[in-house]
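The values are calculated or read from the model by the stated rules, or taken from the named source; none is laboratory data. Given the structure is predicted, the values throughout are model-derived calculations rather than measurements. Using ideal geometry, Cβ is built from the backbone for each residue, glycine included, and neighbour counts are taken over all protein chains shown.
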Amino acid sequence: MNSVLKIEKIIFGGDGLARLPNGKIVFIPYTIPGEIVEVELIRDYGDYIEGKAKKILERSSERIDPLCEYYGICGGCQFQHIRYSYQIVLKEQILIETFKRLGWKEDIPLDKVIPSPKEFFYRNRLRFHIENEDLKMGFIKRKTHEVLKIESCLLGEKNLNKVLLELYKNPSWLKLSVYSKRMKIESSPEENKVTLLFWTSLKPKRRDLENLFSIKELKSVFYWIKGERPKGPFPENSLHGGRRVFKNVDGLFYYVQPGVFIQANWDINCAIMEIIKSLNLSIEKVLDLYSGMGNFLFAFIQNKNIKKFLGVDIDLRAIEDGIYTAEKAGINGRLDLRNMSAIEALYSAIKEGEKYDLVILDPPRGGCKELMKLLPEVAEKYIIYISCDAPTLVRDLLDLRELKYVPMKIYLFDMFPQTYHFETVVLLEKIK
Ligand SMILES: C[S@@+](CC[C@H](N)C(=O)[O-])C[C@H]1O[C@@H](n2cnc3c(N)ncnc32)[C@H](O)[C@@H]1O
């Protein structure tokens, strides 16, 4: 059944929202607020209906032709049909709407919205599924479990795309990929090179690995042997030639092992560092509970007033990278990085009676609800919460507000152009 509907807004997830005359909500992907759309009503889920745009009857002036040939089939992008400047406006609306929907009643002190300098070719890593028959490397098709063969991804940096195309032609990779279901390519921007990682069920032949280096952009190749717990990475000594190299806003080089987390859009990572430095917080002790390799701790390292830096992360290899990075820069005496969980770090601070002026929280998508009750015993003045998931962020901010941490400034960073995702940075201050 088809209906003619007007799109009211875009919701978290990227779909347009419209209403039937009886008030029932319809979600329609690839639409823009204000557009009049002929919609096929596909499936009724009770409290909403899934719709499909059959025809745009009145087109938004913000509608453009998507650049990517896979757009609409691939599940990766939701906003390529929208002019970039308007994507930013929509993300701001989505953020505000998320606060309101989850019950935030006070002011939302949104200070700045920072677009990505690059609208395309910004991602420094791409992850692919592999299907072996007639080699397919690709992403999962929207709303299916099928792999869509991809020969270029416009979100990935250009070097990553070059390597992807070369892999399709490389005879050794054609052999190696037969035993593999998953691979990643990660760039090393300061070297203009790319690392290949793959997960395999058969130990690769050395000659096949060596032959991959006919791809001139390749810097290193690592593999994991699949099993209940994958073993790897091999070669084990990733210190030689394996670490990716990034440069931060202060000219400090970061060294990052294959597969270790680093923010996907480096320009935006640097923009976040600039903003958190510019807050000029009066602090002496900083605790980063999801430090990774220490990325955001390093933003404060030049502040001579800070006497203690502690970063913790459950990824041992990330901690090794932070220590290696600090050693190379001769600043390892300044900071303490430990392989432990956020909650362990809080319990241990409480036990030792340690308090911090600033606690940085940059948790995975699920947020950090489990830390809430412990934070007041450790976070004395400020919290900086960095989040890639607005709903879990707001859920945690509601808890923090109950504990007397009040958002003073909020920044939206467009870490992920062409998709509905974005990064939010919140400065909270503890009120007495
Ligand atoms: C979004 S990343 C942020 C890393 C770092 N802040 C950066 O900018 O590179 C989240 C990090 O949290 C770590 N992590 C996940 N669960 C954790 C936990 N329970 N305790 C401590 N670290 C955790 C992951 O290993 C990952 O490095």
task = Among what's in region 294-309 and is more than 12 Å from the ligand (Cβ to nearest atom) and among the aromatic types (F, W, Y), pick the residue that is farthest from A264 (Cα to Cα).
result = F309
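Are any of the residues in region 422-431 more than 21 Å from the chain's Cα centre (by Cα), free of Cβ contacts under 8 Å to residues at least 60 places away in the same chain, part of a helix (DSSP H, G or I) and away from the ligand (no atom under 16 Å from the Cβ)? Walk me through how you get there before you give the answer.
Residues of region 422-431 that are more than 21 Å from the chain's Cα centre (by Cα), as a first pass: 428-431.
Remaining after also requiring free of Cβ contacts under 8 Å to residues at least 60 places away in the same chain: 428-431.
Add one more test, that the residue is part of a helix (DSSP H, G or I), and what stays is none.
Looking through region 422-431, none of the residues is more than 21 Å from the chain's Cα centre (by Cα), free of Cβ contacts under 8 Å to residues at least 60 places away in the same chain, part of a helix (DSSP H, G or I) and away from the ligand (no atom under 16 Å from the Cβ).
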ask   = Looking only at strands (runs of 3 or more DSSP E) that fall completely inside region 62-178, which ones have 2 or more residues that are within 19 Å of F416 (Cβ to Cβ)?
value = 110-114, 125-131, 136-140
Count of region 85-130 residues which are under 16 Å from the mean Cα position of the chain (by Cα) and of a type in the set (S, T, N, Q) = 2
remark   = Listed by first then second residue, the pairs whose first member lies in region 246-269 and is under 15 Å from I114 (Cβ atoms), whose partner is surrounded by fewer than 17 Cβ atoms within 10 Å (Cβ to Cβ) and acidic (D, E), with beta carbons under 8 Å and at least 6 positions apart or on separate chains, are V249/E274
task = Give region 19-54 a look and list any residue that's over 22 Å from Y71 (Cα atoms) and in a strand (DSSP E or B), or say none.
result = R19, I25, R43, D44, Y48, I49
task = Restricting attention to region 310-369, report how many residues are under 30 Å from V394 (Cβ atoms), more than 9 Å from the ligand (Cβ to nearest atom), of a type in the set (A, V, I, L, M) and surrounded by fewer than 17 Cβ atoms within 10 Å (Cβ to Cβ).
result = 1
note = Residue count, region 371-410, condition surrounded by fewer than 20 Cβ atoms within 10 Å (Cβ to Cβ) and of a type in the set (S, T, Y), comes to 1
ask   = Can P407 be described as assigned to a helix (DSSP H, G or I) and away from the ligand (no atom under 16 Å from the Cβ)?
value = no
inquiry  = Criterion first (under 24 Å from R244 (Cα atoms), assigned to a strand (DSSP E or B), among the small types (G, A, S) and in the same structural domain as F413 (by TED's automatic domain parsing)) does G311 satisfy it?
reply    = yes
message = Yes or no: region 279-293 includes at least one residue that is within 16 Å of the ligand (Cβ to nearest atom), surrounded by fewer than 21 Cβ atoms within 10 Å (Cβ to Cβ) and among the hydrophobic types (A, V, I, L, M, F, W, C).
response = no
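Inside region 45-93, can you point out the residues that are under 16 Å from K143 (Cα atoms) and free of Cβ contacts under 8 Å to residues at least 12 places away in the same chain?
Correct list: Y45, Y71.
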message = Only one of K328, K381 is in a strand (DSSP E or B) and in contact (Cβ under 8 Å) with a residue 24 or more places away in the chain. Can you tell me which?
response = K381
message = For E274, only one of the following conditions fails: (1) near the ligand (Cβ under 10 Å from one of its atoms); (2) within 18 Å of E423 (Cβ to Cβ); (3) exposed (fewer than 15 other Cβ atoms within 10 Å of the Cβ). What is its number?
response = (1)
inquiry  = Being among the β-branched types (V, I, T), part of a strand (DSSP E or B) and under 22 Å from G294 (Cβ atoms) is the requirement here; does V221 meet it?
reply    = no
